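Okay, structure first, notes after.
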């Protein structure tokens with residue numbers, strides 16, 4: 001049996017809309033947050049969970065962390081049913097909701113950690129060892145006596161992670177952990193997650209809209225849209241399906257005009273730069289380069305792949321999300 | 001047994017944490033004390049005017065004592081934990097739901113700590129001040145040392161009782177997501193029937209029989225009447241039993257509501 005087993009999970013929410021004239025009751029609308037979602041995750045995997053806003057990602061995380069009960073379907077994490085064996089289950093998991101805080105606003109973060117230690121009944125020796133490890137890896141040493149309200153967003157997120165991991169959970173849910181962070185903080189956070197995953201074998205399920213989080217951390221991704229699972233597999237394979245275009249940025253020695261660009265490519269101009277988007281499958285790169293040389297004296301040019309966010313946007317469009 | 005001990009320690013730790021938060025805002029304490037002293041003086045001025053024209057069966061000093069003790073522990077009655085409200089409104093409560101704790105116990109410990117520390121911090125300076133006021137305005141000494149002891153015990157039970165009430169309000173807030181409706185109604189009942197606006201001792205005798213049995217009278221009215229000797233020492237056992245009875249009932253209702261809440265949750269935002 002896999003570490004996380006999810007089978008045909010369904011969850012609907014009922015939303016009451018505004019009452020129109022002539023209606024006695026407010027009309028109900030049922031929204032399916034999850035439809036027949038099934039997947040398995042093995043121990044020690046680091047899985048990315050993506051999809052547009054409202055796709056059902058957070059609902060899945062909430063069901064798997066025992067907060068919500070699904071309407072139908074089965075799920076187990078390490079042999080426990082999250083919503084049925086809630087207390088036993090939550091002892092073994094850690095959760096980070098990127099947009100919320102679990103630490104106390106007005107007291108030094110060390111004191112919030114001490115309270116979490118009591119809540120999870122972590123023995124003193126284990127706590128000391130784990131805190132030593134986490135404070136070093138997350139660079140929290142100097143911040144321990146600082147109240148949460150005085151920390152920057154990046155420092156706060158590191159503190160939140162420490163709080164979610166100090167009871168050494170075997171499974172960690174991360175719901176948009178890098179939201180709003182600067183580049184340095186993001187990198188630190190990613191490195192830490194990799195370290196935690198490799199060092200301790202912690203299974204991590206990561207939901208995010210930041211595709212760099214996914215490319216840097218996850219080899220496996222699941223795509224969710226309108227409550228259905230649309231893709232589950234290697235990230236590279238998923239990207240290859242949509243990664244059909246290349247972008248050339250070129251500069252010429254002189255002003256050029258009236259060039260006959262090949263049929264089917266898009267050309268934009270940005271100051272001195274010519275930006276050409278084309279599909280190598282239709283127009284071979286050699287042909288493209290030949291045409292560009294005919295146009296004038298080429299000073300420099302670069303060929304780039306599409307940026308990942310665009311790929312994902314295209315994927316969502318094609319999947320009609 | 002071992003488990004029970006450990007979870008008791010956990011709720012104790014939550015209590016201490018929340019209690020400590022309450023000591024952080026000295027400015028709020030000072031503001032509260034000034035406000036409550038002002039209210040106390042105004043109320044006493046009104047009762048003095050009433051007594052000047054038409055003396056009631058209760059001694060004026062019993063009334064002023066009643067007013068001061070009500071004002072001193074005002075914070076116990078009317079003050080919801082803003083952090084808890086915020087958590088429910090924004091959905092940060094999601095974190096509390098994935099802790100290996102009973103939600104009822106978690107919130108009960110927090111509410112108890114807030115009401116205990118919040119009212120203690122304000123009550124001590126106010127009581128000191130009120131003792132020093134001239135006769136006719138002052139907080140009088142307790143009827144006896146024994147009465148003082150019974151009053152203290154009754155105050156502790158009252159604190160547990162009011163925390164249970166507050167946790168019921170929280171359970172409803174969890175459903176409606178906005179505390180204002182429920183709170184406005186509860187506050188009106190609270191202010192009237194706890195004796196905060198008009199001492200319950202001044203209500204007509206027939207009313208008294210009903211009012212003193214209501215849960216609101218168990219919070220501050222019962223301890224104050226034990227303090228002033230309005231309730232004789234012989235009655236203390238019965239009074240404490242009524243208080244404890246209500247506390248148990250209200251905790252039962254609250255725990256049931258929270259269990260139901262937990263089964264039908266929708267967390268706000270994402």
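The values are calculated or read from the model by the stated rules, or taken from the named source; none is laboratory data. Note that this is a predicted model, so its numbers are computed, not measured. All Cβ positions, even for glycine, are placed from backbone atoms using ideal geometry, and neighbour counts span all protein chains on display.
Number of residues in region A:51-82 that are touching a helix residue (DSSP H, G or I) at 6+ places or on another chain (Cβ under 7 Å), more than 8 Å from chain B (Cβ to nearest Cβ) and farther than 17 Å from residue A:36 by Cα equals 4. Considering region A:11-52, the residues that are in a loop (DSSP other than H, G, I, E, B) and in contact (Cβ under 8 Å) with a residue 40 or more places away in the chain include one that is surrounded by the most Cβ atoms within 10 Å (Cβ to Cβ), namely A:51. Strands (runs of 3 or more DSSP E) fully within region A:228-321 that include at least 2 residues being within 21 Å of the chain's Cα centre (by Cα): A:228-234.
Among the conditions (1) at the interface with chain B (Cβ under 9 Å from one of its Cβ atoms); (2) touching a residue at least 60 places away in the same chain (Cβ under 8 Å); (3) more than 18 Å from residue A:202 (Cα to Cα), residue A:106 misses just one, which is (2).
Mind checking whether some residue in region B:142-161 is at pLDDT below 95, in contact with a helix residue (DSSP H, G or I) (Cβ under 7 Å, 6 or more places away or on another chain) and within 14 Å of chain A (Cβ to nearest Cβ)? No, the conditions are met nowhere in region B:142-161. The condition (being under 24 Å from residue A:3 (Cα atoms) and not in a loop (DSSP other than H, G, I, E, B)) is satisfied by just one residue among A:75, A:84: A:75. Just one of the listed residues (A:149, A:145, A:91, A:156) is within 19 Å of residue A:196 (Cβ to Cβ) and either exposed (fewer than 14 other Cβ atoms within 10 Å of the Cβ) or more than 10 Å from every other protein chain (Cβ to nearest Cβ) (or both), namely A:156. When the helices (runs of 4 or more DSSP H) confined to region B:58-112 are screened for residues that are closer than 28 Å to residue B:124 by Cβ, within 13 Å of chain A (Cβ to nearest Cβ) and at pLDDT below 95, those reaching at least 3 such residues are found at B:82-90.
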